[in-house]
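A.B. asks: Structure incoming, see below.
The values are calculated or read from the model by the stated rules, or taken from the named source; none is laboratory data. Just so you know, these numbers come straight off a predicted model, no measurement behind them. Backbone-built Cβ (ideal geometry, glycine too); neighbour counts: all protein chains shown. Note: accessible area is taken over every heavy atom of the protein model, side chains too, but ligands, DNA and RNA are not part of it. Shrake-Rupley method; radii C 1.70, N 1.55, O 1.52, S 1.80 Å.
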Amino acid sequence: MFPIVSSPAERDLDHVGRIMAQWNRERPELDVSPQGVIGRLHRLAARLSEELAAVYGEFGLGEGEFDVLATLRRAGAPYELTPGELARRTMVSSGAVTKRVDRCVEQGWVTRRVSDSDHRGRVVALTASGLELIDRAFEAHMANEHRLVGMLDEMERARLAHLLEKWGRALGD
(Lines give C-alpha, C1' and ligand atoms only; values in the text may rest on other atoms or scores of the structure.)
Protein backbone atom coordinates (compact mmCIF):
# COMPACT_ATOMS: atom_id res chain seq x y z
CA MET A 1 0.00 0.00 0.00
CA PHE A 2 1.36 3.41 -0.95
CA PRO A 3 1.03 6.36 1.40
CA ILE A 4 -1.13 9.24 0.32
CA VAL A 5 1.14 12.25 0.02
CA SER A 6 -0.65 15.59 0.00
CA SER A 7 2.25 17.86 -0.84
CA PRO A 8 5.75 17.67 -2.33
CA ALA A 9 7.23 18.60 1.08
CA GLU A 10 5.61 15.50 2.64
CA ARG A 11 7.48 13.17 0.25
CA ASP A 12 10.67 13.56 2.30
CA LEU A 13 8.92 12.72 5.58
CA ASP A 14 8.49 9.34 7.21
CA HIS A 15 5.01 7.99 7.96
CA VAL A 16 4.74 9.76 11.31
CA GLY A 17 6.13 12.97 9.82
CA ARG A 18 3.42 12.91 7.15
CA ILE A 19 0.72 12.41 9.79
CA MET A 20 2.11 15.31 11.79
CA ALA A 21 2.26 17.52 8.70
CA GLN A 22 -1.35 16.69 7.92
CA TRP A 23 -2.45 17.53 11.47
CA ASN A 24 -0.42 20.75 11.36
CA ARG A 25 -2.26 21.68 8.17
CA GLU A 26 -5.69 20.74 9.55
CA ARG A 27 -5.25 21.87 13.17
CA PRO A 28 -2.37 24.39 13.22
CA GLU A 29 -3.34 25.59 16.70
CA LEU A 30 -2.45 22.16 18.23
CA ASP A 31 1.08 21.12 19.14
CA VAL A 32 1.38 17.62 17.69
CA SER A 33 5.10 17.27 18.44
CA PRO A 34 4.59 14.38 20.93
CA GLN A 35 3.53 12.27 17.96
CA GLY A 36 7.08 12.57 16.70
CA VAL A 37 8.25 10.56 19.69
CA ILE A 38 5.28 8.40 20.64
CA GLY A 39 4.16 7.57 17.12
CA ARG A 40 7.67 6.60 16.09
CA LEU A 41 8.22 4.55 19.26
CA HIS A 42 4.94 2.75 18.68
CA ARG A 43 5.82 1.91 15.08
CA LEU A 44 9.38 0.96 16.04
CA ALA A 45 8.19 -1.29 18.88
CA ALA A 46 5.91 -3.18 16.49
CA ARG A 47 8.73 -3.59 13.98
CA LEU A 48 11.21 -4.68 16.64
CA SER A 49 8.72 -7.26 17.95
CA GLU A 50 8.54 -8.75 14.46
CA GLU A 51 12.33 -8.88 14.20
CA LEU A 52 12.70 -10.50 17.64
CA ALA A 53 9.92 -13.04 17.05
CA ALA A 54 11.57 -14.16 13.83
CA VAL A 55 14.67 -15.27 15.74
CA TYR A 56 12.62 -16.95 18.50
CA GLY A 57 10.80 -18.84 15.77
CA GLU A 58 14.08 -20.23 14.45
CA PHE A 59 14.27 -22.15 17.73
CA GLY A 60 10.62 -23.20 17.81
CA LEU A 61 9.85 -20.59 20.45
CA GLY A 62 7.22 -17.92 20.74
CA GLU A 63 7.80 -14.74 22.71
CA GLY A 64 6.13 -16.22 25.81
CA GLU A 65 8.18 -19.40 25.84
CA PHE A 66 11.39 -17.47 25.24
CA ASP A 67 10.49 -15.19 28.16
CA VAL A 68 9.89 -18.12 30.54
CA LEU A 69 13.07 -19.95 29.55
CA ALA A 70 15.20 -16.79 29.68
CA THR A 71 13.79 -15.82 33.09
CA LEU A 72 14.56 -19.25 34.52
CA ARG A 73 18.06 -19.20 32.97
CA ARG A 74 19.00 -15.81 34.36
CA ALA A 75 17.76 -16.87 37.82
CA GLY A 76 20.93 -18.97 38.04
CA ALA A 77 21.43 -22.57 39.05
CA PRO A 78 19.34 -24.58 39.76
CA TYR A 79 17.27 -22.54 37.21
CA GLU A 80 13.95 -22.74 39.01
CA LEU A 81 11.32 -20.33 40.27
CA THR A 82 7.82 -20.46 41.65
CA PRO A 83 5.04 -19.47 39.25
CA GLY A 84 4.55 -16.27 41.30
CA GLU A 85 8.22 -15.38 40.92
CA LEU A 86 7.98 -16.04 37.19
CA ALA A 87 4.96 -13.74 36.96
CA ARG A 88 6.77 -10.93 38.79
CA ARG A 89 9.98 -11.30 36.79
CA THR A 90 8.22 -11.48 33.43
CA MET A 91 5.60 -8.81 34.21
CA VAL A 92 2.66 -10.91 33.02
CA SER A 93 -0.33 -12.26 34.93
CA SER A 94 -0.20 -15.58 36.73
CA GLY A 95 -2.72 -16.91 34.18
CA ALA A 96 -0.40 -15.99 31.33
CA VAL A 97 2.53 -17.64 33.13
CA THR A 98 0.49 -20.82 33.53
CA LYS A 99 -0.24 -20.98 29.80
CA ARG A 100 3.38 -20.27 28.91
CA VAL A 101 4.69 -22.85 31.37
CA ASP A 102 2.17 -25.42 30.10
CA ARG A 103 3.54 -25.00 26.57
CA CYS A 104 7.12 -25.33 27.83
CA VAL A 105 6.23 -28.48 29.84
CA GLU A 106 4.63 -30.00 26.72
CA GLN A 107 7.88 -29.44 24.82
CA GLY A 108 10.02 -30.88 27.61
CA TRP A 109 11.84 -27.59 28.23
CA VAL A 110 10.69 -27.20 31.85
CA THR A 111 9.24 -29.31 34.63
CA ARG A 112 6.65 -28.37 37.21
CA ARG A 113 6.89 -30.06 40.62
CA VAL A 114 5.77 -29.67 44.22
CA SER A 115 8.02 -27.35 46.22
CA ASP A 116 10.38 -29.03 48.68
CA SER A 117 9.87 -26.25 51.23
CA ASP A 118 6.10 -25.69 50.81
CA HIS A 119 4.19 -28.76 49.70
CA ARG A 120 1.26 -26.58 48.59
CA GLY A 121 3.47 -24.57 46.24
CA ARG A 122 4.89 -25.44 42.85
CA VAL A 123 8.32 -24.93 41.30
CA VAL A 124 9.08 -24.54 37.60
CA ALA A 125 12.57 -25.65 36.55
CA LEU A 126 14.55 -25.78 33.32
CA THR A 127 15.31 -29.24 31.98
CA ALA A 128 18.66 -30.03 30.40
CA SER A 129 17.11 -29.62 26.95
CA GLY A 130 15.49 -26.33 28.01
CA LEU A 131 18.84 -25.04 29.29
CA GLU A 132 20.60 -26.01 26.06
CA LEU A 133 17.82 -24.45 23.97
CA ILE A 134 17.72 -21.12 25.81
CA ASP A 135 21.50 -20.80 25.73
CA ARG A 136 21.50 -21.20 21.94
CA ALA A 137 18.43 -19.03 21.45
CA PHE A 138 19.75 -16.28 23.71
CA GLU A 139 23.04 -16.10 21.81
CA ALA A 140 21.11 -15.67 18.56
CA HIS A 141 18.78 -13.17 20.25
CA MET A 142 21.71 -11.03 21.38
CA ALA A 143 23.29 -11.14 17.92
CA ASN A 144 19.94 -10.00 16.53
CA GLU A 145 19.66 -7.16 19.05
CA HIS A 146 23.20 -6.03 18.19
CA ARG A 147 22.16 -6.01 14.53
CA LEU A 148 19.03 -4.02 15.31
CA VAL A 149 20.86 -1.29 17.24
CA GLY A 150 23.89 -1.43 14.95
CA MET A 151 22.80 1.61 12.94
CA LEU A 152 23.34 3.73 16.05
CA ASP A 153 26.82 4.42 17.33
CA GLU A 154 27.80 3.55 20.89
CA MET A 155 27.16 7.06 22.22
CA GLU A 156 23.72 7.22 20.56
CA ARG A 157 22.76 3.84 22.04
CA ALA A 158 23.88 4.88 25.51
CA ARG A 159 22.02 8.19 25.31
CA LEU A 160 18.86 6.55 23.99
CA ALA A 161 18.99 3.85 26.68
CA HIS A 162 19.40 6.55 29.35
CA LEU A 163 16.49 8.62 27.99
CA LEU A 164 14.20 5.60 27.77
CA GLU A 165 15.12 4.56 31.33
CA LYS A 166 14.45 8.09 32.59
CA TRP A 167 11.10 8.24 30.80
CA GLY A 168 10.12 4.78 32.03
CA ARG A 169 10.94 5.64 35.63
CA ALA A 170 8.93 8.86 35.36
CA LEU A 171 5.94 6.83 34.16
CA GLY A 172 6.34 4.41 37.08
CA ASP A 173 8.20 1.56 35.39
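A.B. asks: Please give the helix 128-149 orientation as an angle from the longest Cα principal axis of the chain, in degrees from 0 to 90, rounded to the nearest 10.
C.D. replies: 10 degrees
A.B. asks: Oh, and also: Putting +1 on Lys and Arg Cβ atoms and -1 on Asp and Glu Cβ atoms, find which of 16, 170, 149 reaches farthest to the positive end of the dipole of the chain.
C.D. replies: 170
A.B. asks: Express the accessible area of region 58-157 per residue in Å², computed with a 1.4 Å probe while the remaining protein chains stay in the model. Let's see the in-between values first.
C.D. replies: Numbers: 6030 Å² over 100 residues.
So region 58-157 comes to 60 Å² accessible per residue, rounded to a whole number.
A.B. asks: With charges set only on the Cβ (+1 for Lys and Arg, -1 for Asp and Glu), what does the dipole of the chain come to about its Cα centre, in debye to the nearest 20? Walk me through the intermediate numbers first.
C.D. replies: Numbers: 24 positive and 27 negative charges, 83 e Å.
Dipole size: approximately 400 debye.
A.B. asks: Also: Give the separation of the Cα centroids, region 41-64 to region 126-168, in Å.
C.D. replies: 12 Å
A.B. asks: Rounded, prolate or oblate, given the Cα gyration tensor of region 116-173, with a/c below 1.5 counting as rounded?
C.D. replies: Numbers: a/c = 5.75, a/b = 1.56, b/c = 3.68.
Oblate, because a/c is 1.5 or more while a/b does not exceed b/c.
A.B. asks: In addition: Between 0 and 90 degrees, rounded to the nearest ten: what's the tilt of helix 15-26 against the longest Cα principal axis of the chain?
C.D. replies: Tilt of helix 15-26: around 40 degrees.
A.B. asks: Here are a few candidate values for Rg/Rh (Cα atoms, Kirkwood Rh): [x] 1.11; [y] 0.95; [z] 1.08. Which one was actually calculated from the structure I just gave you?
C.D. replies: Identified label for the calculated read-out: [x].
A.B. asks: Charges only on Cβ, +1 for Lys and Arg, -1 for Asp and Glu: so what's the dipole of region 19-84 about the Cα centre, in debye to the nearest 20? Walk me through the numbers before you get to the answer.
C.D. replies: Values: 7 positive and 10 negative charges, 47 e Å.
Dipole magnitude for region 19-84 comes out near 220 debye.
A.B. asks: Between 0 and 90 degrees, rounded to the nearest ten: what's the tilt of helix 154-170 against the longest Cα principal axis of the chain?
C.D. replies: The helix 154-170 is inclined about 80 degrees to the chain.
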